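Note sheet for the following structure.
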2 protein chains.
Amino acid sequence: VNLVPVILCGGAGTRLWPVSRQAMPKPFMLLPNGRTLLADTLCRAADLPGVERLCVVTNTDYRYLVEDQLHACGLARERIHLLLEDEGRNTAPAILMASLLLEQRAGKNTIALVLPADHIIRSRDDFSAAVGKAQRLAQKNYLCTFGVVPNFAETGYGYIESGDALHGEGFVVRRFVEKPDRKTAEEYVSSGRYLWNSGMFCFQVEDMLASFRDLAPELWKQGKACWVQASGQANAGQDVQLSGAALSALQSISIDYAIFEKSPMVAVVRGTFDWSDIGSWNAVSDLYPCDGARNTTAQRTMFVNSSNTFVHSSRLVATVGVDDLLIVDTPDALLVAHKTAAQDIKQVVSQLKSSDDPTHKWHTTVDRPWGNYTVLHEEPGFKVKKIEVKPGASLSLQYHHHRSEHWVVINGTATVTNGDQLLTLEKGQSTFIPAGARHCLANQTGEALAIVETQCGDYLGEDDIVRLNDRYGRS
Amino acid sequence: VNLVPVILCGGAGTRLWPVSRQAMPKPFMLLPNGRTLLADTLCRAADLPGVERLCVVTNTDYRYLVEDQLHACGLARERIHLLLEDEGRNTAPAILMASLLLEQRAGKNTIALVLPADHIIRSRDDFSAAVGKAQRLAQKNYLCTFGVVPNFAETGYGYIESGDALHGEGFVVRRFVEKPDRKTAEEYVSSGRYLWNSGMFCFQVEDMLASFRDLAPELWKQGKACWVQASGQANAGQDVQLSGAALSALQSISIDYAIFEKSPMVAVVRGTFDWSDIGSWNAVSDLYPCDGARNTTAQRTMFVNSSNTFVHSSRLVATVGVDDLLIVDTPDALLVAHKTAAQDIKQVVSQLKSSDDPTHKWHTTVDRPWGNYTVLHEEPGFKVKKIEVKPGASLSLQYHHHRSEHWVVINGTATVTNGDQLLTLEKGQSTFIPAGARHCLANQTGEALAIVETQCGDYLGEDDIVRLNDRYGRS
């Protein structure tokens, strides 16, 4: 059997602001184990029996972040089909495009296992067993969903009502139901028939394509056109880039609405594994061990007369006489929310977005194809940055109109172009780049390189940059 | 009349952590008007009729901080008698030593007006009128207290029970009472006889000295000995430094216990002015205008479904669904406390102190005689600091064993000794100081100087410094 996990790595995760932001959203958040949600998902998927290659669908902006996570998991780049969207179009178009890719590259009988990149599943064996069941149903032409056996009356999830058993592997789906109110959710849980709709799916590629053709003919037509255009530009085995009018034309609709709620061949596999979609800070809070007063933190926190409070911070935090709070601290933004208001955090993000505040999108650390930079301090007239360059990577050859820069190497060895000079700078060595001078910073070693950059000038915006030559196509 | 305000500038203000810390305590906290509590007190005192000179009693550690505040108030240095204690010994010894100083330098008939440096008084005219009454009573040999007419049943203050009128200026003191419980406090307020004990005093120097001699003879003897030793080392008009065994021998006791509760010549002047001892973050919160939901902040805060919450921060803070919180944010420590638990914040400080955590004492910005430095970032192997040097000031000639330093001038003009070189560096210029090289940073201009320093080395502690020459006597 050819099983290909399709990992959907999108979604804003605005309820997890200020850690999840547009430039580095929820799938890239670190778990208590020090890994990202995406890395966790990639490893879980790659370890399944029969998996040779994986497909990742993500936004073009996250290409290098995804590659970092592949590297972190030790997954060879050539095992990955990367499907890049210039804009997110919801799950139905993503799954359609992934199915078209798999039909072409892996064959129409390939079994696809769709997994959101930002869920947590603790019991690997149970998960693997459920995937096995779904796979066997998919081979019998079912479109499978995974329904998690609920252990409390969650009102934030959709539910699946299951019916008769199917081939000893799963169950008939009676209906999908939207997020219920508390009373209804309690009835669902006690009934034993209702399962949480986990957003994971398993199907044979040709069955899914036939379903699109029959049940969503307009999207099917648009998707085929988009695919023909995109795949025509990519060679076999290369990443596929979806962009432009063909992508924008795709109807933004979920796979549940487009296919699963309409198809007569839908089955549900009961998942008995410990599952969470990490939908709020409350769910993150539950990942940490708690003290006797149910407080959770991964850091240096002093809880004084406080209970049921979660703290995420890299600084010293002291809480005094508080209960039921979520305290989430980042270098440039702090959130203090009541646990019962965890869903309202997305209001903060939409307000920040509408006032064009950068903290809805950017962190003080900004990832770049070549590594990252962190703004350590900024005042009128000067800015201090730490810049990390990956082994073998290089910033563009560039110059600035309005600022001079001082570079001090604090780790590794830098290869520096400064005007007409080519310099090799070791730890503790430095160079000065006047405004207008062409310069380039490169790491030609196999080790990490880090510098501290002090910028001086009357204008210090990131847009004061003229790129003369850039290996990432940005010049 | 010769009226000399005696400003007591001590006290830890631990309930105002993390802004108030041992190295920069409550009197140096900024008010909403951008001035410190000490500057506010100095100006209020200097503006009183008949005031030529002032006496400030403070810890030796705060000498340069006090001088900065004198400068900020435009008070000429020669108007100030500075009494420096190497360790705080409570109010009775401080007032005794100040009285001995004033006896010698201003005469025994001088009227002393003792004012804590960290109170707020809004109505200057009412305050001035009360001081006038106290002054006239002091001339009649009374030791005067100021009793503030209470406007609510505060349980955090001591009270003074007033009796019959005295000379139309004040009242007889029936008794001093400790902090009452709520019910008692309410009775006090409704009685009309009870006043808040403000901790401000007014007396003729010779009356206070006689009171010490008669009512606290042991302290009187110790104080005289301490004074003889300290004043013998100081020339007339110079600062007086109290230190060593003579200072440590002084009984640590409040002036209330030592004198006022025992003297038959105590009077109280009713203060109708708006007064606060800024004893907690609740009191600070009240200094700011509030929004419709009684939230207060001086900064960029998004209050979402929140009420009666105070935010002090230089970053973006968002609160969601919270009530009655104090959120106080500094670069290296964050406090989140319930308003009803404001008094328990001192527990945090004592825990930090016992675990030797630097945040009980130091800020990321550290004041020095020559200016200040701020640690912008620190990691193993490197540290980035911003260093500000006052006009005319200079750091010591020094070297380090374990670290190199890069200096970039970001504001003003630096005069730099680097090994054998003497350099003048303008904004944007830089120099590199290898480990072991003698160096000195000076500001020989009348304008502010600021540099960014990047330190590299395996050991970056502040104690890796060899001072060869220091104008502040630290070599």
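No lab work stands behind these numbers, since they all come straight from the coordinates. Just so it is clear, the model here is predicted, and its values are computed rather than measured. Cβ atoms come from the backbone with ideal geometry, glycine included; neighbour counts cover every protein chain shown.
Observations
- By DSSP, the beta bridges lying fully in chain B are antiparallel in about 70 percent of cases.
- Cross-link pairs beyond the 19 Å C-alpha cut-off, checked among A:K386/B:K386; A:K361/B:K386; A:K26/A:K361; A:K108/A:K140; B:K390/B:K427: A:K361/B:K386
- Label-to-label distances for A:E178 across copies, nearest first, come out at 6.4 nm, using points 7 Å from Cα in the beta-carbon direction.
- The equivalent ellipsoid of region A:312-433 has semi-axes of 38, 17, 13 Å, largest first, where each one is the square root of 5 times an eigenvalue of the Cα gyration tensor.
- Gain upon complete extension [B:R193, B:D214; 0.36 nm per residue less C-alpha separation]: 4.6 nm
- Using a simple spin-label model with pseudo-atoms 7 Å out from Cα toward Cβ, B:R124 and B:D420 lie 5.9 nm apart.
- Taken over the C-alpha atoms, region A:1-126 has Rg and Dmax values of 13.9, 43 angstrom.
- Taking every alpha-carbon pair under 8 Å whose residues sit at least 6 apart, region A:69-196 reaches a relative contact order of 18 percent.
- DSSP assigns beta bridges within the protein assembly as shown; of those with both partners inside it, close to 65 percent run antiparallel.
- Label-to-label distance, B:D274 versus B:E52, with points set 7 angstrom from Cα along the beta-carbon direction: 3.5 nm.
- For region A:408-459 versus region B:1-77, the gap between their alpha-carbon centres in whole angstrom: 46
- Here the sum of -39500 (n - 2.57) over DSSP H runs of 4 or more residues, divided by the residues of chain B, equals -7000 deg cm²/dmol at 222 nm, to the nearest 500.
- D_trans [Stokes-Einstein, Kirkwood Rh over alpha-carbon pairs] for region A:421-475, 4 °C, 1.567 mPa s, µm² s⁻¹: 95
- DSSP-loop chymotrypsin sites (Phe, Trp or Tyr not before Pro) across region B:406-475, with at most 14 other Cβ within 10 angstrom: B:Y459
- Cα-based reach from B:K221 at 17 Å (exclusive), listing aspartates and glutamates while leaving out same-chain residues under 8 positions away: B:E103, B:E206, B:D207
- The tail of the calculated P(r) for region A:244-308, taken as Cα-Cα distances beyond 13 Å, holds 78 percent of the pairs.
- Rh by Kirkwood over Cα pairs, then Stokes-Einstein D for region A:1-61 at 1.567 mPa s and 4 °C, µm²/s: 103
- Amide H partners (placed H, <5 Å) of A:A318, local residues excluded: A:M302, B:L334, B:L335, B:V336
- Diffusion coefficient, µm² s⁻¹, Stokes-Einstein with Kirkwood Rh over alpha-carbon pairs of region A:273-315 at 37 °C and 0.692 mPa s: 294
- Taking the square roots of five times each eigenvalue of the Cα gyration tensor of the protein assembly as shown, the equivalent ellipsoid has semi-axes of 66, 37, 20 Å, listed largest first.
- A straight line joining the Cα centroids of region B:352-374 and region B:227-244 runs 29 Å.
- Relative contact order of chain A, defined on C-alpha pairs under 8 angstrom at six or more residues apart (%): 14
- Region A:258-361 has equivalent-ellipsoid semi-axes of 32, 22, 11 Å, by the square roots of 5 times the alpha carbon gyration tensor eigenvalues, sorted largest first.
- Spin-label model, A:T155 to A:S350: label points 7 Å out along the Cα-to-beta-carbon direction sit 1.8 nm apart.
- Here, region A:86-169 has an Rg and a Dmax of 15.0, 43 Å when only alpha carbons are counted.
- Cα gyration tensor, region B:392-447 - rounded (a/c under 1.5), prolate or oblate: prolate
- Rounded is the label for region B:55-122, because a/c, from the alpha-carbon gyration tensor with a ≥ b ≥ c as root eigenvalues, stays below 1.5.
- Shape class for chain B: oblate, because the ratio a/c of the largest to smallest gyration tensor axis (alpha-carbon atoms, square roots of eigenvalues) is 1.5 or more and b/c is at least a/b.
- Of the chymotrypsin sites (Phe, Trp or Tyr not before Pro) found in region A:137-181, the ones in coil according to DSSP and having at most 16 other Cβ atoms within 10 Å of their Cβ are A:F152.
- For region B:136-194, projected area of the alpha-carbon convex hull averaged over all directions, nm²: 4.0
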